[in-house]
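Okay, so here's the structure we're looking at.
The values are calculated or read from the model by the stated rules, or taken from the named source; none is laboratory data. As the structure is a computational prediction, the values presented were derived from the model and not from experiment. Note: accessible area is taken over every heavy atom of the protein model, side chains too, but ligands, DNA and RNA are not part of it. Shrake-Rupley method; radii C 1.70, N 1.55, O 1.52, S 1.80 Å.
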Amino acid sequence: MLSRRERIAVDGFLLAVLVAVAGWGAGTYGYGRTSQVLLCTSLLIVLVTAYRTVMDGLVLTRSPATPRIPVSEEVRRHAARQAGLTPDA
């Protein structure tokens, strides 16, 4: 049995092949513009299928809020010196 990701890839590939064959057939019988549209559509199907295959199952979440580490006194003084301020201000 295929996983969901594999199923998306196979279905998209088969659809792209079907549309490309239809475009090739249209070109063979003299329907040039239709052939171009179908072949470009098959390329678009391949790109969308690749994107869907990669993005399937990915969950974009925010990282949990972590407590901020207080700045040490040494770092604070260094930053003040770099800014041209007096470190003890």
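Of the labelled options (i) 14.5, 49; (ii) 28.4, 85; (iii) 14.2, 55, which one gives Rg and Dmax of the Cα atoms in Å as computed for this structure? For Rg and Dmax of the Cα atoms in Å, the calculated option is (ii). Taking the accessible area of the chain, probe 1.4 Å, and keeping the other protein chains in place, the carbon and sulfur fraction comes to 66%. Of the Cα atoms belonging to the stretch 1-41, the radius of gyration and Dmax stand at 13.1, 42 Å. Rounded to the nearest Hz, the phi-derived 3J(HN,Hα) couplings of the stretch 40-49 under the Karplus curve 6.51 cos²θ - 1.76 cosθ + 1.60 (θ = phi - 60°) are 5, 5, 5, 5, 4, 4, 4, 5, 5, 5, where x marks glycine and proline. For the stretch 72-79, putting each phi into the Karplus relation 6.51 cos²θ - 1.76 cosθ + 1.60 with θ = phi - 60° gives couplings of 6, 4, 5, 5, 4, 5, 4, 5 Hz, in residue order, rounded to whole numbers and with x for Gly and Pro. In sequence order, the stretch 16-23 has phi-based couplings of 5, 5, 4, 5, 5, 5, 5, x Hz under the Karplus curve 6.51 cos²θ - 1.76 cosθ + 1.60, θ = phi - 60°, and Gly or Pro positions carry x. For the chain, with a Gaussian network of springs between Cα atoms less than 10 Å apart, report the residue from GLY30, GLY57, GLY12 with the top mean-square fluctuation. Evaluated over the chain, the most mobile residue of the options is GLY30.
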